[in-house]
Ligand code: SAM
Ligand code: DTB
Ligand code: SF4
């Protein structure tokens, strides 16, 4: 059966109806769409690094890096090219195919963009796909980053338009849409998603996905973050989301944006392995891999290797221009010698 055409005209009611399907029905539909467009056993693996941490002037209520909240995150300067390259090399050796660099800026100065452009070229030269998230970008800044070899720009819309004002007051929804437009115009791929578990309603989760799916082009990469609650931020203590509702959100994202990579993003450390397995079934096919996200924790590398083995998943490989492919995460996991599929190296 040919894959259905991509749609950009989803109504809120249609999306609400998907959320309201019986859980098994929704997962069955989402998995069917997933198979039409993707290898159901392949997961793209990215490593995240905070290249400029903390001290951010914005007031995003979820974020430990805002200078307005006492979260214990220390403000640091932009890392040097050499230190970022060393971390990117280590990520590649551990099996990552994409390297994402985050900076706690509202919007970078032109001088910052020049420095990040140098970093991007150096990371790209290692044969990794590159992604950056630096805040709002002008058209010219986006073009500079594209010329440096940046493949993806991450800029999230975070939540539904009608809930946004309860989370962020220092920049508008439209500012975010404008940056996404500048990124597309420069010819980069967009990585754009949001956060769930911030106290929004199901209708507002539908609104987040509706906005993403009705963008002029579906983002190539759609990170669905579960709020990581950090003490000191205004959202610390908000009622946690039912894990099955998180799985539903992944499933609906997969149905609305069939060809995009849907990333099971922040929040995996707090998530049960079985819930993650349901997310992969529902259509998630990308994760952050490595001990840290930006400032908060992520599952241990060994744990993820074991999870891939237990679920027979393999890391999506990036084919480099020279024709070589990077190491597969499971090759390293083949060190598993106890025979239990747990990835450990205990004797059998
Ligand atoms: N400062 C830039 C910006 O906001 O555009 C880039 C970095 S910012 C940390 C990138 C994204 O991380 C945010 O848009 C948000 O979606 C996500 N994020 C930040 N803190 C989070 C948290 N505590 N839990 C889940 N996602 C979070
Ligand atoms: C995205 O959507 N999630 C990542 C990445 N893009 C930059 C960030 C998650 C941050 C979680 C909180 C932290 O570690 O500071
Ligand atoms: Fe700053 Fe980005 Fe955190 Fe908002 S999400 S406070 S812009 S680092």
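The values are calculated or read from the model by the stated rules, or taken from the named source; none is laboratory data. Predicted, not measured: the structure shown is a model, and the values here were computed from it. Don't worry about glycine lacking a Cβ; one is built from the backbone with ideal geometry, like all the others, and counts go over all protein chains shown.
Could you grab me the full set of residues in the range 271-293 that are under 22 Å from residue 199 (Cβ atoms) and within 16 Å of the chain's Cα centre (by Cα)?
Across the range 271-293, the qualifying residues are 271, 279, 293.
Does the range 188-230 hold any residues that are surrounded by fewer than 20 Cβ atoms within 10 Å (Cβ to Cβ) and within 11 Å of ligand 1 (Cβ to nearest atom), and which are they?
229, 230, listed by residue number.
State the number of residues belonging to the range 294-315 that are surrounded by fewer than 21 Cβ atoms within 10 Å (Cβ to Cβ) and over 15 Å from the mean Cα position of the chain (by Cα).
The total comes to 10.
Within the range 108-130, can you find the residues that are in a loop (DSSP other than H, G, I, E, B) and touching a helix residue (DSSP H, G or I) at 6+ places or on another chain (Cβ under 8 Å)?
Hits for the range 108-130 are 108, 126, 127, 128.
Could we say that residue 195 is out of contact with any helix residue (DSSP H, G or I) (no Cβ under 7 Å at 6 or more places or on another chain), within 16 Å of ligand 2 (Cβ to nearest atom), in contact (Cβ under 8 Å) with a residue 12 or more places away in the chain and not in a loop (DSSP other than H, G, I, E, B) here?
Yes.
In the range 71-121, which residues are away from ligand 3 (no atom under 14 Å from the Cβ), in contact (Cβ under 8 Å) with a residue 60 or more places away in the chain and within 29 Å of residue 232 (Cβ to Cβ)?
Those that are away from ligand 3 (no atom under 14 Å from the Cβ), in contact (Cβ under 8 Å) with a residue 60 or more places away in the chain and within 29 Å of residue 232 (Cβ to Cβ): 72, 91, 116.
Restricting attention to the range 141-149, does a residue exist that is in contact with a strand residue (DSSP E or B) (Cβ under 7 Å, 6 or more places away or on another chain), within 14 Å of ligand 2 (Cβ to nearest atom) and without any contact (Cβ under 8 Å) to a residue 40 or more places away in the chain?
No: zero hits.
Go through the residues of the range 161-183 one by one and say whether even a single one is in a strand (DSSP E or B) and within 15 Å of ligand 2 (Cβ to nearest atom). Spell out how you get there, then give the answer.
To start, the set of residues in the range 161-183 that are in a strand (DSSP E or B) comprises none.
Looking for residues that are in a strand (DSSP E or B) and within 15 Å of ligand 2 (Cβ to nearest atom), one finds none in the range 161-183, hence no.
Tell me, which residue of the range 41-58 that is within 15 Å of ligand 2 (Cβ to nearest atom) and more than 19 Å from the chain's Cα centre (by Cα) is nearest to residue 276 (Cα to Cα)? I'd like the intermediate steps shown before the answer.
We begin by selecting, within the range 41-58, every residue within 15 Å of ligand 2 (Cβ to nearest atom); these are 44-56, 58.
Then drop every residue that is not more than 19 Å from the chain's Cα centre (by Cα), which leaves 54-56, 58.
On the way: 54: 29, 55: 32, 56: 31, 58: 31 Å.
Among those that are within 15 Å of ligand 2 (Cβ to nearest atom) and more than 19 Å from the chain's Cα centre (by Cα), it is 54.
Scan 278, 256 and give me the residue that is surrounded by fewer than 23 Cβ atoms within 10 Å (Cβ to Cβ) and more than 13 Å from ligand 1 (Cβ to nearest atom).
On the way: 256 fails: surrounded by fewer than 23 Cβ atoms within 10 Å (Cβ to Cβ).
Answer to the selection: 278.
Residues that are away from ligand 1 (no atom under 16 Å from the Cβ), surrounded by 14 or more Cβ atoms within 10 Å (Cβ to Cβ) and modelled with pLDDT of 95 or more: does the range 69-85 have at least one? Even if it seems obvious, please write down each step before you answer.
Pass one, the range 69-85, residues away from ligand 1 (no atom under 16 Å from the Cβ): 80-83, 85.
So of that shortlist, the ones also surrounded by 14 or more Cβ atoms within 10 Å (Cβ to Cβ) come out as 81, 85.
Cutting the leftovers down to modelled with pLDDT of 95 or more gives us 81, 85.
Checking the range 69-85: at least one residue is away from ligand 1 (no atom under 16 Å from the Cβ), surrounded by 14 or more Cβ atoms within 10 Å (Cβ to Cβ) and modelled with pLDDT of 95 or more.
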